[in-house]
1. Just checking, which of Lys204, Lys180 is surrounded by fewer than 20 Cβ atoms within 10 Å (Cβ to Cβ) and within 24 Å of Thr54 (Cβ to Cβ)?
2. Using the structure shown, decide if Ala307 is at pLDDT 95 or above, away from ligand 3 (no atom under 14 Å from the Cβ) and touching a Pro at 6+ places or on another chain (Cβ under 9 Å).
3. Taking the range 397-425, which residues are in contact with a strand residue (DSSP E or B) (Cβ under 6 Å, 6 or more places away or on another chain) and either assigned to a loop (DSSP other than H, G, I, E, B) or at positive phi (or both)?
4. Do we have Leu410 as more than 28 Å from the chain's Cα centre (by Cα) and away from ligand 3 (no atom under 16 Å from the Cβ) here?
5. When you look at Gly167, is it more than 16 Å from ligand 3 (Cβ to nearest atom), closer than 24 Å to Ile129 by Cβ, modelled with pLDDT of 95 or more and of a type outside the set (Phe, Trp, Tyr), yes or no?
6. So, of the residues in the range 552-572 that are out of contact with any Phe, Trp or Tyr (no Cβ under 8 Å at 6 or more places or on another chain) and in a strand (DSSP E or B), which turns out to be nearest to Glu521 (Cα to Cα)?
7. Tell me, yes or no, whether the range 573-593 has at least one residue that is within 13 Å of ligand 1 (Cβ to nearest atom) and touching a Lys or Arg at 6+ places or on another chain (Cβ under 9 Å).
8. Which numbered condition trips up Cys130, out of (1) touching a residue at least 40 places away in the same chain (Cβ under 8 Å); (2) crowded, with 18+ Cβ neighbours inside 10 Å; (3) in contact with a helix residue (DSSP H, G or I) (Cβ under 6 Å, 6 or more places away or on another chain)?
Amino acid sequence: MKLFERSRLGTMQLKNRIFMCPMGNKTDADGGTQERNIEYFLERARGGVGLLITGANICTTKYEARPCNLLDSFHQVDRLGLLADKLHYEGCKLVVQITPGLGRMTFTDPHTQPYAPSATPAFYFPDVICKPFEVEQIKDLVVKMGFSASLAQRAGADAVEVHAYGGYLLDQFQSELWNKRTDEYGGSLENRMRFTLEIIEEIKRVCGPEFPVIVKFTPEHGVPGGRMLDEGLKMAKILEDAGVTALHVDKGCYEAWYLAISTVYSSEGHQLHLAEAVKNTVGIPVLAQGKLGDPSLAEQVLQDGKADYIGLGHQLLTDPHWPNKVKAGNYRDIVPCIGCNECMFIARKGKYRSCAVNPHCYHEKDYPVTPADVKKKVLVIGGGPGGMKGAITAAERGHDVELWEKTDRLGGNLIAAGAPEFKKDVAAFNEYLINHTYSSGVNVRLGRDATAESVLADGFDAVILAAGSRPIIPPIPGVDGKNVITSTQALTGKPVGGRVVVVGGGLVGCEVALHVEKTAEKVVIVELLGDLLLTVQHNLNNDQHLKDMMKASSVEVHCGAKVTKISDSCLEYEQNGESHCVDCDTVIMAVGYLPNNQMIEELQDKVPLFWATGDAQQPRKIIDAVHEGFQAARRI
Ligand SMILES: Cc1cc2nc3c(=O)[nH]c(=O)nc-3n(C[C@H](O)[C@H](O)[C@H](O)COP(=O)(O)OP(=O)(O)OC[C@H]3O[C@@H](n4cnc5c(N)ncnc54)[C@H](O)[C@@H]3O)c2cc1C
Ligand SMILES: Cc1cc2nc3c(=O)[nH]c(=O)nc-3n(C[C@H](O)[C@H](O)[C@H](O)COP(=O)(O)O)c2cc1C
Ligand code: SF4
């Protein structure tokens, strides 16, 4: 496979054409590389990736509070150096990403005016207007970027990557959308790129002309007023002429963040057309990224010459061993990414990053799965993601595991969640879990509806209750009519035609509306709250993506509307004190879920070890079910 071809990138001799995309992480108090960063990266290096790019390192905190790693001092070189050494022993090269800042994208401090090219509103705090940089301050940042690069070089990094993409500070200078300056740093494209070019020149001056410099840039923003591809390709030429080693191609900015950071709704290879356009414009190597986790697609990109290197971000969080598994042909063993972006959401709260489907991610040493001291008889009730993860983990530890699932299929709510075409990542994860449940030796008993009596009769040493949830059916007159179905039925049953009303505009309501839109004559959402998606707790890029899909759809939306009655052909609701009626053939209820927690009291003090996990405890998300199932099984 071309993926595993050896190659040379500048002075770097690489063992394959797979690189890990930069993804920021927690740091030591001084902004330096943390011990757990080293373990996290090392696990990816052991998994076979040839080149690893760190998350962004800001070169100074003189102009903004530290949002990420900091690389401004001799005293951070020790831990970065240890990372470089350990990666090198694994045959993996290290690229350190450096940045002069986030500018108007600053997210850590709502009280201080951020510096930016011009007096534009801060993205996260639009009432705060940015302070334009003075020319001397720009020059100061150029010198500091050079120093930061020299520290990376001193630590043994093989290259640096300049963070000049995605609407961050350098890209704010590069784009007419945010750069309104009239001096030598504003106006023409050459002027807008001056800051980036001065940084490249300074790095070369300080680190030597041979030291590889990669630039991550965005040839197209994909938002109104943002950069269009023709300018992006001119930028590629300018960067090539400036002597950069390779171009790492991104798309988007925070106004449409999902174009940059893939979500479950993104199509595979959604940024490839840009990498290909850049590749056709320059002679230097091009690094592609953007949902390239399907091995056949990744290989095809290289075979077709659309890019020279394949970048994996999310995919190496879910499965650090993707390269080794692909090389060995074990595609079915690859843990797929479900595009939920809990990896971002958790970190934005300030906690250590994790991954919904991989509890070891960024917790490489926290939660070891050890062989059981004593083999126990374990029962898992429910074959959803939590039950399957619990059963697999308990079996891996050597226990004797039975899984009882009352329906005739494993998957639980993943079956409905993964049913729409635009959520096939969730279906892929379900398939992965099902395969592993069977291959790990779990005794799966389908059609077995657990009751407290049947569980107690079988004398289990440990029970994990993972019985999930059931849909809420509100007491609306007519809700028991034949024309009323649940969202699960709409997603997993026959295609829904005719005129449809979806009651509830949360995540499930919106997704079910978009799903049935393909087969129905007309779809209307009636939502009690003032807007769609108000109760959903998910990352901004997923939120923007789903909202934009709703805007682009033909689904009619009525918010602040209370359903009062359902009849055979109509749904009545009240809005602003007035009654309305929508003609419809089918009503889909999507107003939330109740936990299947009845057995908690019946079992918790009657079996030696007992845990209630996932939605059975409280309806939440896949991450909760998977992590709780995993943690319960670790403790048996
Ligand atoms: C349409 C939809 C879309 C969703 N989309 C997302 C999403 O994008 N991201 C996200 O994070 N979450 C999403 N969720 C939520 C997510 O699916 C759930 O949080 C997750 O499935 C909970 O897993 P679980 O294992 O706890 O329970 P479930 O998945 O509900 O599985 C429980 C299983 O237990 C079985 N069971 C119940 N009672 C018994 C019994 N007595 N005996 C034997 N078996 C029993 C059930 O049949 C079921 O198979 C979505 C949910 C729905 C419905
Ligand atoms: C958790 C997380 C953190 C990220 N942090 C950075 C970062 O520090 N610097 C950067 O250039 N890109 C960052 N990105 C973007 C990725 O490098 C990559 O461009 C993007 O995720 C698309 O690739 P993928 O679809 O393979 O994940 C981050 C992405 C994720 C998911
Ligand atoms: S948290 Fe979700 S989006 Fe992030 S890597 Fe894991 S599965 Fe993918």
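The values are calculated or read from the model by the stated rules, or taken from the named source; none is laboratory data. As the structure is a prediction and not an experimental result, all values here were calculated from the model. Cβ sites come from the backbone with ideal geometry, for glycine too, and all protein chains shown count toward neighbours.
1. Working: Lys180 fails: within 24 Å of Thr54 (Cβ to Cβ).
Result: Lys204 is the single residue among Lys204, Lys180 that is surrounded by fewer than 20 Cβ atoms within 10 Å (Cβ to Cβ) and within 24 Å of Thr54 (Cβ to Cβ).
2. Numbers: at pLDDT 95 or above: yes; away from ligand 3 (no atom under 14 Å from the Cβ): yes; touching a Pro at 6+ places or on another chain (Cβ under 9 Å): yes.
The answer is yes for Ala307.
3. Taking the range 397-425 first, the residues in contact with a strand residue (DSSP E or B) (Cβ under 6 Å, 6 or more places away or on another chain) are 399-405, 408.
If the condition is that a residue be in contact with a strand residue (DSSP E or B) (Cβ under 6 Å, 6 or more places away or on another chain) and either assigned to a loop (DSSP other than H, G, I, E, B) or at positive phi (or both), then His399, Asp408 are the ones that fit.
4. On the way: more than 28 Å from the chain's Cα centre (by Cα): no; away from ligand 3 (no atom under 16 Å from the Cβ): yes.
Taking the combined requirement at face value, the residue does not satisfy it.
5. Details: more than 16 Å from ligand 3 (Cβ to nearest atom): yes; closer than 24 Å to Ile129 by Cβ: yes; modelled with pLDDT of 95 or more: yes; of a type outside the set (Phe, Trp, Tyr): yes.
So Gly167 fits the description; yes.
6. Going through the range 552-572, the residues out of contact with any Phe, Trp or Tyr (no Cβ under 8 Å at 6 or more places or on another chain) turn out to be 552-557, 559-560, 565-572.
The next check asks that each one be in a strand (DSSP E or B); those that pass are 556-557, 565-566, 570-572.
Numbers: Glu556: 12, Val557: 15, Lys565: 22, Ile566: 19, Cys570: 15, Leu571: 16, Glu572: 19 Å.
Restricting to residues being out of contact with any Phe, Trp or Tyr (no Cβ under 8 Å at 6 or more places or on another chain) and in a strand (DSSP E or B), the top hit is Glu556.
7. At the first step, the residues of the range 573-593 found to be within 13 Å of ligand 1 (Cβ to nearest atom) are 588-593.
From what is left, the residues that are touching a Lys or Arg at 6+ places or on another chain (Cβ under 9 Å) are 593.
Yes, some residue in the range 573-593 is within 13 Å of ligand 1 (Cβ to nearest atom) and touching a Lys or Arg at 6+ places or on another chain (Cβ under 9 Å).
8. If we test Cys130 against (1) touching a residue at least 40 places away in the same chain (Cβ under 8 Å); (2) crowded, with 18+ Cβ neighbours inside 10 Å; (3) in contact with a helix residue (DSSP H, G or I) (Cβ under 6 Å, 6 or more places away or on another chain), just (1) comes out false.
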